[in-house]
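Just so it is clear, none of the values below were taken in a lab; they were calculated from the coordinates. The shown structure was predicted, so the numbers you read here are calculated from the model rather than taken from an experiment. Here the Cβ is made from the backbone with ideal geometry for all residues, glycine too, and neighbour counts use every protein chain on show.
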Amino acid sequence: MQDITKVTPYDSTEESKKGQVTRMFDRIAPYYDLLNRVLSAGIDVWWRKKAIDMLKNAAPKTILDVATGTSDLAIEAARKLKPDHITAMDISVKMLDIGRNKVEKAGLGNVISLETGDSEAMRYDDNNFDAVMAAFGVRNFENLEKGLKEMYRVTRPGGMVMILEFSKPVAFPVKQLFHLYFKFVLPVIGRLKSKDRKAYRYLYESVQAFPDYRNFADILERCGYKNATYKALTGGICTIYTAIK
Ligand SMILES: C[S@@+](CC[C@H](N)C(=O)[O-])C[C@H]1O[C@@H](n2cnc3c(N)ncnc32)[C@H](O)[C@@H]1O
């Protein structure tokens with residue numbers, strides 16, 4: 001398996017993975033939500049709902065949504081969990097601009113604040129949030145463990161981390177269909193619609209290289225979290241990971 005930190009959107013040797021990832025999301029931001037809905041046939045909305053359900057029992061009052069993008073996960077959390085406050089941060093200003101509009105339209109501007117930042121060097125205090133979460137974000141970190149350790153640092157003791165990320169299905173026929181769809185269909189639709197030749201090829205390659213299931217749960221524990229568990233969704237196309245600080 002390829003090292004996830006070496007999988008980059010544009011194969012540039014001069015620009016860091018972080019720079020390339022930021023540039024890619026800035027470019028595809030206007031098309032991101034529509035492509036998510038079309039390419040997943042709307043299932044991504046349900047995945048985020050299931051992910052937020054995992055935080056229900058913990059009833060967090062303060063939440064950090066890392067790599068919030070266009071804020072779908074933060075909006076779902078605000079509606080379902082009714083926390084006092086959600087900090088939603090991302091490295092791409094263009095993704096946040098779209099998110100900000102959606103938050104305002106949803107009337108959640110008093111609950112969710114959107115901030116630019118790098119999840120591998122966050123400006124938040126230690127032991128700050130009741131829950132820290134990320135959907136489809138950590139796969140894009142330049143340094144996965146550095147980002148996860150930062151997430152751990154800002155979680156309060158006893159607080160929870162929840163991460164939703166793509167995984168590689170193992171069972172027939174989801175495995176075979178997923179492979180064909182992700183490798184051949186999705187990059188073509190993505191290229192036509194997002195006008196970015198590489199973005200959806202990067203999606204396939206980064207999912208292939210990303211450590212999943214127990215491997216990722218073990219990484220969470222290596223970064224400090226306890227009791228890391230996971231729940232596969234839709235035949236393992238994506239997986240929800242949770243753990244406690
Ligand atoms: C696939 S999008 C996911 C967005 C959103 N969470 C969702 O569920 O749709 C990945 C996001 O991760 C962000 N990202 C990547 N690396 C980051 C970093 N080091 N710090 C903060 N955000 C980052 C990107 O800018 C992008 O918005």
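All but one of (1) within 15 Å of Val66 (Cα to Cα); (2) touching a residue at least 60 places away in the same chain (Cβ under 8 Å); (3) near the ligand (Cβ under 10 Å from one of its atoms); (4) touching a helix residue (DSSP H, G or I) at 6+ places or on another chain (Cβ under 6 Å) hold for Ile98; which doesn't?
The single condition Ile98 does not satisfy is (1).
If Thr116 meets every condition in (1) of a type outside the set (A, V, I, L, M); (2) touching a residue at least 40 places away in the same chain (Cβ under 8 Å); (3) near the ligand (Cβ under 9 Å from one of its atoms) apart from one, which number is that one?
Among (1) of a type outside the set (A, V, I, L, M); (2) touching a residue at least 40 places away in the same chain (Cβ under 8 Å); (3) near the ligand (Cβ under 9 Å from one of its atoms), the lone unmet condition for Thr116 is (2).
Do we find that Leu39 is more than 26 Å from Asp126 (Cα to Cα), in contact with a Leu (Cβ under 6 Å, 6 or more places away or on another chain) and more than 10 Å from the ligand (Cβ to nearest atom) in this structure?
For Leu39, the condition - more than 26 Å from Asp126 (Cα to Cα), in contact with a Leu (Cβ under 6 Å, 6 or more places away or on another chain) and more than 10 Å from the ligand (Cβ to nearest atom) - is met.
Identify, please: which residue in region 51-93 is surrounded by fewer than 18 Cβ atoms within 10 Å (Cβ to Cβ) and more than 22 Å from Ala228 (Cα to Cα) and is, among those, nearest to the ligand (Cβ to nearest atom)?
Applying the filter and picking the extreme gives Val93.
Residues of region 56-107 being in contact with an Asp or Glu (Cβ under 9 Å, 6 or more places away or on another chain), β-branched (Val, Ile, Thr) and over 20 Å from Arg123 (Cα atoms), which ones?
Thr70, Ile98
Can you pull out every residue in region 14-38 that is β-branched (Val, Ile, Thr) and over 19 Å from Arg100 (Cα atoms)?
Selection gives Val21, Val38.
Quick one: is Pro157 away from the ligand (no atom under 16 Å from the Cβ), under 25 Å from Ala58 (Cβ atoms) and either touching a residue at least 12 places away in the same chain (Cβ under 8 Å) or acidic (Asp, Glu) (or both)?
yes
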